Amino acid sequence: MSIDAITAVDDSAATALTEEEIFGAHQGGKLSVATTAPLSNKRDLSIAYTPGVAEVSRAIHKQPELARTLTWAERLVVVVSDGTAVLGLGNIGASASLPVMEGKSALFKTFGDLDSIPLVLNTSDVDEIVETLVRLRPSFGAVNLEDIAAPRCFELEEKLIEALDCPVMHDDQHGTAVVALAALTNAAKVTGRPLESLRVVVSGAGAAGIAVAEILLAAGISDVVLLDSKGAINSTRADLAGDSTSKKADIAGRSNPRGVTGGPAEALAGADVFIGVSSSKLEEAHLALMNQDAIVFALSNPDPEVLPEVAAKYAAVVATGRSDFPNQINNVLAFPGIFRGALDAGARRITPAMKLAAAQAIAELAAEDLSADYIVPSPLDPRVAPAVTAAVAAAADAK
């Protein structure tokens, strides 16, 4: 599909949505189960169910690895949430989060050709969630964690990675980080600077912010400063000193090499890049403190930290998380291909190398038509998921 054709498809999103079409599309949910085996006569029934299915069950009992090819489990992604950090809605609970998780499962099928089911849990206890998924492990092949509040999301992901022998990823963290790195890779090219030379400020030190900082450091950018509600995170900040379990304390020891203190004004003075993944607003006066040809990613939804038209006064490249502005940083560019690639390769973990490979694949797809208004491909570009899948599978095989 050409860029013009993709843009024409994307333009339909600009039409105002109505309650009638929104609620109409959600009647009965957005998912259903379809059979892959015919069931039109007695012979079909005998093959798909009894007595034929008993032969398959006996075979798996003798050789458990056959479940990978004789059931859907190893190609099934479960989208798991406790409903504590849903979109911009906050802690709305498991039931209210289900429409979002259904949508995520639909994206897995549409963009990654992976079967997926949502699992929303009426508990926010990390150990209870881990125990539940460990018990359910024979039924699925990968876990996509979704809309789980920080800092519990960090602990939950780490414990599940250790407890389960299958790919686990918290998309709010790593999907965002992968696409942000892809976009920044191309934004650096547009502005004629080496990626590694950039001075980056990340506003928000929750799930997405810390993951963005981690992947930027892994990509070779050393000057990364995170901001939280108390200001710049650094190794001398009193509230972080001596806290060996805090993600903020950990990242403080590996970022902010210049020891920046203070708030947005101090952090953005002489910065090349602003990446916003919080609800905090960015003042225009602070934008003016950034270097010439700045890069601004205002990714909060639905309200960016700064409006694109304001950011454009000072920045050479501007991106948001919204579909109605150029350069949408959308997780759907990453997660379907990352999971598909991991499952295709039979990987038990999604590694940093696989995430870097995904970011590079996304960036390369936009290289041919690269411009200030086109630093990542459209989420509807049919090339994206196959390219990310191949890159992630190759990175998994190379480990």
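Coordinate-derived values only; no laboratory data. As the structure is a prediction and not an experimental result, all values here were calculated from the model. We place every Cβ from the backbone using ideal geometry, glycine too, and count neighbours over all the protein chains shown.
For every other residue with a beta carbon closer than 9 angstrom to the beta carbon of ASP172, add +1 if it is Lys or Arg and -1 if Asp or Glu, then tell me the sum.
Numbers: positive: none; negative: GLU146, ASP147, ASP171.
That sum, taken over residues with Cβ under 9 Å, equals -3.
For the range 88-194, what's the radius of gyration and Dmax over Cα atoms, in angstrom?
Expressed in Å, the Cα Rg and Dmax of the range 88-194 come to 16.0, 52.
With contacts defined as alpha carbon pairs under 8 Å and 6 or more residues apart, what's the relative contact order of the chain in percent?
Here the relative contact order equals 14 percent.
Just to confirm the number: angle between the C-alpha axis of helix 207-218 and the first principal axis of the chain, 0 to 90 degrees, nearest 10?
Between helix and principal axis, roughly 80 degrees.
Given just the C-alpha atoms of the range 166-261, how large is their convex hull per residue in cubic angstrom?
Here the figure is 102 Å³ per residue.
Would you mind checking the pairs LYS247/LYS355; LYS230/LYS281; LYS159/LYS248; LYS230/LYS355; LYS189/LYS355; LYS189/LYS248 and listing those with alpha carbons more than 24 angstrom apart?
With Cα atoms farther than 24 Å apart: LYS230/LYS355; LYS189/LYS248.
By the scheme Lys and Arg +1, Asp and Glu -1, what is the net charge of all other residues having a beta-carbon under 15 Å from that of ALA187?
-3
Give the percent of DSSP beta bridges with both residues in the range 246-399 that are antiparallel, rounded to the nearest 5.
Around 10 percent of the beta bridges assigned by DSSP in the range 246-399 are antiparallel ones.
Considering only PHE297, LEU226, SER246, whose Cα is most displaced toward the positive end of the charge dipole of the chain, charges sitting on Cβ of Lys, Arg (+1) and Asp, Glu (-1)?
Looking along the dipole axis, the top candidate is SER246.
Let me check against my output: what whole-number percent is the relative contact order of the range 18-114, with C-alpha pairs under 8 Å and at least 6 apart?
Computed value for the range 18-114: 23 percent relative contact order.
Do any chymotrypsin sites (Phe, Trp or Tyr not before Pro) in the range 257-320 lie in a DSSP loop with no more than 12 other beta carbon atoms within 10 Å, and if so, which? Could the numbers behind the result be given before it?
Numbers: sites: PHE274, PHE297, TYR314; in loops: TYR314.
The qualifying sites: there are none.
Work through the residues other than LYS30 whose Cβ is under 12 Å from its Cβ and net out their charges, Lys, Arg +1 and Asp, Glu -1.
Neighbourhood net charge equals +1.
Using the Cα centre of the chain as origin and beta-carbon charges of +1 (Lys, Arg) and -1 (Asp, Glu), tell me which of VAL126, GLN173, TYR374 is placed farthest towards the positive end of the dipole.
After comparing all options, I get VAL126.
Given only helices, namely DSSP H runs of n ≥ 4 each adding -39500 (n - 2.57), what is the per-residue ellipticity at 222 nm of the chain, to the nearest 500 deg cm²/dmol?
My calculation for the chain gives -12500 deg cm²/dmol from helical runs alone.
What number, in percent, do you get for the relative contact order of the range 64-174 if the mean sequence gap of Cα pairs under 8 Å and at least 6 apart is divided by its residue count?
Taking the mean separation of contacting Cα pairs over the length of the range 64-174, I get 31 percent.
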